[in-house]
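Following: one structure in structure tokens, then a few remarks.
Each value in this text was obtained by applying a stated rule to the coordinates, not by laboratory testing. Predicted model only: the values in this text are computed from it and were never measured. In this analysis, Cβ positions are derived from the backbone assuming ideal geometry, glycine residues included, and neighbour counts consider all displayed protein chains.
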Amino acid sequence: MIKDKISKRKAKKVIEETGERVTNDNVEAHREVVLAKGRKFKYPLQYTKHKLVINAVIIGILALVAMCTFGWVQYYKVQNTGPIAYRFSKYLRIPVAEIDGKNVLYSDYLMQYRSNIRAIERQEGKLGSSDDDKRKIVYYKHMALDNSIINAYAMKLADEYKIKITGDRINEVYEQYMKAGDSKITASGFERMIEDNFGLTKSEYIRMFIEIPLIRKEVSVKIDSAAKELSDAVDKSVKANNGDIDAVAKDHQGKITLESSGGLVDSDNFDGGRATMASSMKVGEISKPFLSTSGDSYYIVKLLDKNDSQVEYTSLSIPLTALKKRVDELKKDGKVKEYIKLENK
């Protein structure tokens, strides 16, 4: 055994020195020579690969920190409301606020704010940098944030009360909305109208105008029996006064609000469902109390005038206040945290 090892070392030395060609007798020695030459590169290569991995990890961490910092600045400092910021917020699911342990999604806040601004600009023209336009922008930001907080709390209560909104009900309401303004409109035509008027996709429109409002309505009705009793009393007063809703508003002053469309407005006007209800009525007709699409009021609508695509109406608004009162109490108790600081209205 020892002799074999010695002979191999000698053969190896001879091969290295003489360059002897490979034969069956010395192939093992040649193999040892080749492996020996390669071993000197093995450990330096392993060290280099290890160093590359460490550098890659460090670069990846730094890139992630940079991206997170950039995103934090864009959302929580600059408060970017642009389309790219909105799209990313949908995937990131980052919070804009928190209420009683429930996150308020930044995407819901931006969806509401951007759709409100789009609807206003469709009616009044693009908002600029004038003081009046800046005040409008600040107002709609506050409104979007406040509504998003209330909506998030409504969804929290819906989970507690096991309130579910089925897909069939959502589709039914969507069909009603689609046909409300024009019975002949196609599905693709309605989606284009949604994009033009609110800047939303079909799924975004369903979430903002159907799913969340339905949840909020169900929760509001469950916790606010006083508003239902008041709406029934107001309905009786309307009948007793022969449809004179101005007189009814005076009789219930401080509890209900008399409002007007201010002239002809589109049948799909963003007004809690009053224009949509009015478009299904005859001139002079008064509706029964119905819940607003946002779930924050009962409405009674009187149709004053209409044409093929527009309506003019007056309405009585009976607010559902229980949900908002609960939110206000949570704010007082420090259980509502807003992660962005908006300018004062």
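Tabulated data for the structure shown
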{"quantity": "Exposure proxy ranking, count of Cβ atoms within 10 Å, fewest first, for Ile150, Ile54, Ile286, Ile340", "calculated": "Ile54, Ile340, Ile286, Ile150"}
{"quantity": "Under 20 Å from the Lys134 label point (7 Å along Cα→beta-carbon), backbone N, segment 307-345", "calculated": "341-345"}
{"quantity": "Pairs from Lys136/Lys335; Lys217/Lys324; Lys202/Lys306; Lys282/Lys306 whose Cα-Cα separation, in the structure shown, is over 20 Å", "calculated": "Lys136/Lys335; Lys202/Lys306"}
{"quantity": "Order of Ile61, Ile185 under a 10 Å beta carbon neighbour criterion, fewest first", "calculated": "Ile61, Ile185"}
{"quantity": "Cα-centre dipole for segment 103-259 with unit charges at Cβ (Lys and Arg positive, Asp and Glu negative), debye to 20", "calculated": "240 debye"}
{"quantity": "Shape category assigned to segment 133-175 from the gyration tensor of Cα positions, a/c cut at 1.5", "calculated": "oblate"}
{"quantity": "Residues Thr166, Thr276, Thr81, sorted so that the one with the fewest Cβ neighbours within 10 Å comes first", "calculated": "Thr166, Thr81, Thr276"}
